[in-house]
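S.K.: Structure in C-alpha cells, see below.
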Amino acid sequence: MTIKQKHLHELNQKMAEECQCALKSTAINVVPGEGNADADILFIGEAPGKKEDEQGKPFIGAAGKFLNEMLASIGLKREDIYITNVVKYRPPGNRDPLPDEVADCLPWLEAQIQLIKPKLIVPLGRHAMERFLKGKKISEVHGQLFEIKMPHIGKRNFYTLYHPAAALYNGSMRKVLLEDFSRIPKLLKKIQ
Ligand code: URA
C-alpha cells in the first residue's frame, strides 16, 4: 500500500464516522469512492444509487457498466482511476441531493481531491459539473478542458462529460459521450 493509498483509506474512514450529512439516516452504507489513490484521473458522479448504497461502492449499476466499457475503450481499468460522488450517501428514491446535503459532503470531496491530486478531474453530468463550473451549461462545456483555480483544491483541470446514466439510452448523447471520452488519453498527455 502506498502512503497516498493509506491516507485516502484513513480519510474515507473518517468520512464514514464524521460526515454530518442528513442522508446518513436513510442510507444503508456510506459510498466514499473506490479505485487508485495514485490515479491521474478522478471521475465524480452525483450521488450513489440503490445498488451503490447496498454495497457501499460507486458506479456498480448500469451506468457503472457503461463507464467500465468506455474505460476499456481507452485502455483503462477501474483500478487505474479513482471514482467517487459529490454526495457520499444515497438520496431517498434517487432524488437530487439538497443544497445542505451537498454542502455537508463537499469538504470530504475536496479533501479527496487534495490527497489524490489528479491531473484531470472528470465531472459526470451537470450536477457534478455545477460544483466546479458554476452557472455553465453542460451542453456547452462537455468535452472541453478548463483549468480553474478554486479555494481548497487549488488549480485543477476539469473535463466534463455527460452522465453515463443519461447517455445510456439516448443515441445522440451516447455518441457525443463516446467521442468526448475517446479524447481523454490525448488530453492527459497534453497536461503532462
Ligand atoms: N450515478 C452516480 O452519479 N453515482 C453512482 O455512484 C452511481 C450512479
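Readers should treat all values here as calculations from the given coordinates under stated rules, not as data from a laboratory. It should be emphasised that the depicted structure is a prediction, and the values quoted were computed from it without experimental measurement. Backbone-built Cβ (ideal geometry, glycine too); neighbour counts: all protein chains shown.
S.K.: Report the Cα-based extents of region 103-179 along its three principal axes, largest first, to the nearest Å.
M.R.: That works out to 37, 24, 23 Å along the principal axes.
S.K.: To the nearest 0.05, how large is the calculated FRET efficiency for ALA166 and ASN29 if R₀ is 35 Å and r is the Cβ-Cβ distance?
M.R.: For ALA166 and ASN29, the calculated efficiency is 0.90.
S.K.: Using a 10 Å cut-off on Cβ atoms, rank the peptides 95-103, 180-188, 30-38, 59-67 from the highest mean neighbour count down.
M.R.: 30-38, 59-67, 180-188, 95-103
S.K.: Now for a separate question. At q = 0.15, 0.17, 0.21, 0.23 Å⁻¹, what log₁₀ I(q)/I(0) does a Debye calculation on the Cα points of region 50-141 give, no solvent, two decimals?
M.R.: Values, matching the q order: -0.68, -0.89, -1.36, -1.52.
S.K.: How about region 130-192: which GluC sites (Glu not before Pro) there lie in a loop by DSSP and see at most 12 other Cβ atoms within 10 Å?
M.R.: none
S.K.: While we're here: Viscosity 1.306 mPa s, temperature 10 °C: give me the Stokes-Einstein translational D for region 1-99 in µm²/s, with Rh taken as the Kirkwood radius over C-alpha pairs.
M.R.: 113 µm²/s
S.K.: Taking Rh as the Kirkwood radius, which is the inverse of the mean 1/r over Cα pairs, what is the Rg/Rh value for the chain?
M.R.: Answer for the chain: 0.93.
S.K.: Taking the Cβ-Cβ separation of LYS50 and HIS7 as r and a Förster radius of 30 Å, what is the calculated FRET efficiency to the nearest 0.05?
M.R.: 0.50
S.K.: Counting other beta carbons within 10 Å of each Cβ, put THR26, THR160 in order, fewest first.
M.R.: The fewest-first ordering by Cβ neighbours comes to THR26, THR160.
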